[in-house]
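The values are calculated or read from the model by the stated rules, or taken from the named source; none is laboratory data. Worth saying up front: this structure is predicted, and the values here are computed from it rather than measured. Please note: Cβ atoms are built from the backbone with ideal geometry, for glycine as well, and neighbour counts cover all protein chains shown.
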Amino acid sequence: MYAIVEMAGQQFKVAKDQKVYVHRLQTEEGKKVTFDKVLLLDDNGNVTIGAPVIEGAAVEAKVVKHLKGDKVIVFKKKRRKGFKKKNGHRQYLTEIVVESIVAKGAKKAAPAAKAKTEEKPAAEPKKEVAKKAEAPKKEAPKAKATEDLSSKTVAELKEMAKAKDITGYSSMKKAELIEALSK
């Protein structure tokens with residue numbers, strides 16, 4: 001059984017008892033971590049793909065230790081110019097061991113708390129949307145005429161302006177033509 005999981009902004013293919021080095025996690029050494037963004041599960045040939053994640057699936061892991069990765073040398077040089085620049089970098093990493101892969105029944109503790117706080121503000125914008133929906137009903141006749149004119153080309157609008165004897169239509173832009181024809 002293996003899973004493809006998003007951990008600390010990266011995707012990893014993990015199996016049980018596998019060691020993985022991820023970007024530094026804010027969890028203490030020896031503590032357990034649960035990753036609930038499981039993108040794919042393979043259970044002995046039975047593949048489940050999430051859209052984007054699999055609901056109820058999780059990967060449980062234990063933080064072994066925090067460490068720094070190997071030094072990466074960044075060397076820049078421009079030939080025949082005398083420009084050389086050397087820089088080094090060591091990434092902060094966390095070593096974790098995958099303890100289990102849960103296919104169903106995993107709990108999401110943190111997102112549930114956020115959902116309760118987001119429900120109240122979400123209700124208020126719905127009322128505003130309803131008010132905005134009422135306003136276009138009053139202005140519908142003007143908007144409909146403008147929409148019909150905006151779907152036409154500039155050449156068609158100029159012909160309509162010529163037919164209505166509007167002066168200076170040849171130098172007008174599309175928006176000016178629509179405004180002149182809607183009066």
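With the condition kept exactly as written, say whether any residue in the stretch 8-31 is touching a Phe, Trp or Tyr at 6+ places or on another chain (Cβ under 6 Å) and farther than 15 Å from residue 98 by Cα.
Yes, the stretch 8-31 contains at least one residue that is touching a Phe, Trp or Tyr at 6+ places or on another chain (Cβ under 6 Å) and farther than 15 Å from residue 98 by Cα.
Restricting attention to the stretch 19-37, which residues are loosely packed, with under 14 Cβ neighbours inside 10 Å and polar (S, T, N, Q)?
26
For the stretch 146-158, give me each residue that is surrounded by 13 or more Cβ atoms within 10 Å (Cβ to Cβ) and either among the basic types (Lys, Arg) or at pLDDT 85 or above (or both).
152, 157, 158
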